[in-house]
Amino acid sequence: MDKVPPSVEPEAPLVEEAASPVEQSSPSVSPASPWRFVPLLYFLQGLPVIAVQNVSATLFTKMGLETGAITVWSNLLKLPWTLKPFWGPLVDLNWTKRRWVVLMQALIFVFLFAAAISMTSANWFTLLLISFGVVAFLSATHDIAADGFYLLALDERRQAFFVGIRSAAFRLAFIFCTGGLVYLAGEVEDRTGDIARSWMVALGFGALIYGLGALVNAFAMPRPVLDRLPGARDPQENRLNLLRTAAVIL
């Protein structure tokens, strides 16, 4: 008796699945041109750094502080940038890098303006130190978020290409502060003979430029896919991390 061969279903043709859009390009890469935001982002990163670390020494000298006092306070104002690695993880674990950048820039504008207004007060030195101290802390936090955002928004090729652009933008901020703002203060002093008012105008102009740049930057910065809120985490652990960071800094 002949055996009936078992029925064999025809094999489905092998079809190569099309790569999904996420697989075709890295999710960390933003379609927006880096020229729209990288130069401005790093100009805004450099301005408060130079204002606090460099311009403040010139301001203190013009206002009649002794050299020893200038050295002490200038070095203390630099501490937040030295200590910023201690609270870097808190920036990474809370919010997105873009939100941190936008918030820090808005607050830096407010306290740069407060520094300018403080120059007309009888307690200008105390108020200026407080304003600059807050700006230093905000700027150091901004550095953490901005550098992280840069890595998320650009692929490796563009990151390498824009390293020089970042440096040039930071250098432009240095020229703007040590050249432009100091020159403006000198011109106002020559015309009015009022040193305090001249620095109020210079710092106020710097705050205005920073605020306008921050406003433009808030709309120019893209929204990289990987720049998203961290996953679920224990709120108690987050509070403990905050307390540990504060204890280490203190």
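The values are calculated or read from the model by the stated rules, or taken from the named source; none is laboratory data. Keep in mind that what you see is a predicted model, and the values were worked out from it rather than measured. Methodologically, a virtual Cβ is constructed for each residue, glycine included, from the backbone with ideal geometry; neighbour enumeration extends over all protein chains shown.
Residues that are of a type in the set (S, T, N, Q) and buried (at least 17 other Cβ atoms within 10 Å of the Cβ) were ranked within the stretch 122-154; the one that is farthest from M63 (Cα to Cα) is T141. Checked against the criterion of being under 20 Å from the mean Cα position of the chain (by Cα) and modelled with pLDDT under 95, the candidates A153, A140, A122, A146 yield just one match: A153.
So, A173, is that one surrounded by 14 or more Cβ atoms within 10 Å (Cβ to Cβ), within 20 Å of P39 (Cβ to Cβ), in contact (Cβ under 8 Å) with a residue 24 or more places away in the chain and among the small types (G, A, S) or not? When the stated conditions are applied, A173 passes them.
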